[in-house]
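The block underneath contains the structure these notes are about, expressed in structure tokens.
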Amino acid sequence: MWCQRLAWLLRGRHGSTGHRWPWLPRDPGPGLAAPARCCPTAPEPPGCAWQLHRDHLELRYGSTLMRLDFVWLRDHCRSASCYNAKTNQRSLDTASVDLAIRPQAVRVDETTLFLTWPDGHVTRYGLEWLLKNSYEGQKQQVMHPRILWNAEIYRQAQVPSVDCRSFLETDEGLKEFLQNFLLYGIAFVENVTPTKEDTEILAERISIIRETIYGRMWYFTSDFSRADTAYTKLALDRHTDTTYFQEPCGIQVFHCLKHEGTGGRTLLVDGFHAAEQVLRQAPEHFELLAKVPLKHEYMESVGGCHNHMIGVGPVLNVYPWNNELYLIRYNNYDRAVINTVPHDVVRRWYHAHRALTTELRRPDNELWVKLKPGKALFVDNWRVLHGREAFTGYRQLCGCYLTRDDVLNTARLLGLQA
């Protein structure tokens with residue numbers, strides 16, 4: 001995955017972990033000691049060495065080389081006068097820190113970095129804390145651990161559904177559900193009473209329901225009550241929802257309440273798995289899809305519904321420090337006129353889009369699920385694309401959108417990384 005690749009590159013660049021670090025002589029800048037003074041007379045802890053520069057401290061800990069700006073080091077002080085440990089909030093006024101500040105003294109023991117500032121204030125940092133929270137450390141970490149899947153990988157994993165009563169009444173059931181959801185981007189709850197009211201209770205167990213132009217809890221039938229292909233009996237190609245929102249909805253809940261007919265299976269595709277294949281085969285395509293902003297648009301004037309929504313963003317959204325994908329915005333139905341891309345980029349963008357579409361449409365990436373009354377499906381709309389096959393007869397679904405922050409908050413409170 002992205003972070004594993006970056007960690008490998010970093011190890012290759014800074015792989016040695018010797019007792020001493022072969023520093024190159026540099027100008028220490030005014031007011032700083034010469035490089036020879038930077039290493040204390042006391043032995044350094046194994047795998048740790050440091051050197052002062054004009055505006056930052058270089059610290060090697062283990063195999064990681066960190067470059068820590070002096071202002072950053074002063075601003076993040078966790079002493080009682082600078083940080084309120086009870087509220088986990090900064091007390092120090094960042095604007096009061098001298099932007100030309102330099103430490104007066106530096107000391108490192110086996111676990112801790114000590115910095116004494118010109119006013120006599122002492123800042124202490126655990127080396128492990130610095131490793132975790134430095135820019136270089138973050139590049140080696142995954143924000144959201146995931147299992148990328150195609151249909152076969154998901155089937156072999158035999159991810160269990162969670163019983164409705166366990167989901168609603170026990171932390172163990174809720175935690176199992178959320179762990180499945182975080183790892184795979186989809187999760188199921190079984191034995192749900194097939195009503196909109198019971199589905200609403202289910203959704204509120206993990207999040208505040210996000211009210212949108214479609215309402216709070218919605219019924220979904222083929223009555224063309226909204227200006228959307230979804231409100232027909234036609235097949236729907238794979239897509240993510242609400243790409244025309246500035247922030248697409250994070251989680252979608254589906255519950256089939258009734259289907260008197262044939263067809264209508266739900267299609268699920270791991271968009272991150274498809275994007276990973278593009279990254280491996282054609283990184284220039286991945287980069288273009290992550291950089292080029294597009295407009296998505298939703299317009300309707302049906303009955304009492306009058307809406308014109310516009311959302312802007314690239315198809316792939318990544319954290320810039322480690323290239324980790326966190327959101328895919330893919331909906332060929334709602335993509336607006338491409339007028340945000342210069343002519344010399346358009347053709348390359350179409351090639352990149354075709355590469356991603358090819359991966360998304362590979363049959364072995366398609367997981368088909370028949371939704372039935374009593375089986376609720378939660379979908380990570382920032383990751384997993386959904387669609388459906390055409391159907392006959394009367395088919396009614398209910399569902400809602402959930403606020404992503406609240407779902408992740410629930411997971412963290414249960415001790416999960418989210």
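The values are calculated or read from the model by the stated rules, or taken from the named source; none is laboratory data. All values derive from a computational prediction rather than experimental measurement. Note: ideal-geometry Cβ built from the backbone for every residue, glycine included; neighbour counts use all protein chains shown. Heads up: the accessible areas ignore ligands, DNA and RNA and are worked out on the full protein's heavy atoms, side chains in. Shrake-Rupley method; radii C 1.70, N 1.55, O 1.52, S 1.80 Å.
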How far is it, in nm, from the label point at Arg165 to the one at Tyr319 when both lie 7 Å from their Cα along the line to the Cβ? 4.0 nm
For Ser166, Ser207, write out the residues from largest to smallest accessible area, computed with a 1.4 angstrom probe and no ligands counted. Ser166, Ser207
Relative to the present Cα-Cα distance, how much length would full extension add between Asp405 and Arg205 at 0.36 nm per residue of separation? 70.6 nm
Per the rule of 0.36 nm per residue minus the C-alpha distance, extending Arg412 to Glu297 adds in nm 38.0 nm
First measure r as the distance between the Cβ atoms of Val341 and Ala100, then evaluate 1/(1 + (r/R0)^6) with R0 = 35 Å and state the FRET efficiency to the nearest 0.05. 0.25
List, in order, the whole-Hz ³J(HN,Hα) value for each residue of the stretch 177-194 obtained from phi through the Karplus relation with A = 6.51, B = -1.76, C = 1.60 and θ = phi - 60°; use x for Gly and Pro. 4, 5, 4, 4, 5, 5, 6, 10, x, 9, 7, 10, 10, 9, 6, 8, 4, x
When all protein chains stay in place, what accessible area (Å², nearest 10, 1.4 Å probe) is found for Ile310? 80 Å²
Taking only C-alpha pairs under 8 Å that are 6+ residues apart, what is the relative contact order of the chain in percent? 20 percent
Could you give the semi-axes, largest first, of the ellipsoid that matches the stretch 49-140, computed as the square roots of 5 times the alpha carbon gyration tensor eigenvalues and rounded to whole Å? 20, 16, 13
What is the distance, in nm, between label points placed 7 Å from the Cα along the Cα-to-Cβ direction at Glu389 and at His306? 4.2 nm
Would you calculate, for the chain, the mean residue ellipticity at 222 nm contributed by helices, counting each DSSP H stretch of 4 or more residues as -39,500 (n - 2.57) and dividing by all residues, to the nearest 500? -8000 deg cm²/dmol
Here are labelled values, [x] 101, 60, 49; [y] 92, 65, 35; [z] 83, 55, 44, and one is the computed Cα extents along the principal axes in Å for what I pasted. Which one? [z]
Cα-centred dipole magnitude for the chain, charges only on beta-carbon of K, R (+1) and D, E (-1), debye, nearest 20: 800 debye
Roughly how many percent of the accessible protein surface of the chain is carbon and sulfur, given a 1.4 Å probe and a whole-percent answer? 52 percent
Please list Tyr326, Tyr184 from largest to smallest accessible area, probe radius 1.4 Å, with all protein chains kept in place. Tyr326, Tyr184
Max mean-square fluctuation residue, GNM over the chain, Cα-Cα springs under 10 Å, options Gly47, Gly313, Gly271: Gly47
How much solvent-accessible surface does Asp109 expose, in Å² to the nearest 10, with a 1.4 Å probe and all protein chains in place? 50 Å²
How large is the accessible surface per residue of the stretch 151-414, computed with a 1.4 Å probe and reported in Å² as a whole number? 44 Å²
Of Gly374, Ile209, Gly393, which is farthest on the positive side of the dipole of the stretch 151-414, counting Cα position, with +1 on Lys and Arg Cβ, -1 on Asp and Glu Cβ, and the Cα centre as origin? Gly393
Unsatisfied cross-links (Cα-Cα over 31 Å) in the set Lys295/Lys370; Lys196/Lys233; Lys86/Lys291; Lys175/Lys295; Lys196/Lys291: Lys295/Lys370; Lys86/Lys291; Lys175/Lys295; Lys196/Lys291
So in the chain, what percent of DSSP beta bridges are antiparallel if you round to the nearest 5? 95 percent
Once you put a point 7 Å from the Cα of Arg107 and another 7 Å from the Cα of Ser63, both along the Cβ direction, what distance in nm separates them? 3.2 nm
So, taking all protein chains as they sit and a 1.4 Å probe, how much accessible area belongs to Lys175, in Å² rounded to tens? 80 Å²
Using a 1.4 Å probe, what is the accessible area per residue for the stretch 49-140, in Å²? 51 Å²
For the stretch 49-140, what is the charge dipole size about the Cα centre, in debye to the nearest 20, if Lys and Arg each add +1 at the Cβ and Asp and Glu each add -1 at the Cβ? 160 debye
Cβ-derived FRET efficiency at R0 60 Å, Gln138 paired with Tyr219, nearest 0.05: 0.85
For the stretch 113-130, take each phi angle, set θ = phi - 60°, evaluate the Karplus expression 6.51 cos²θ - 1.76 cosθ + 1.60, and give the result in whole Hz per residue in order, putting x for glycine and proline. 9, 10, 10, 9, 8, x, 8, x, 5, 10, 10, 10, 10, x, 4, 5, 5, 5
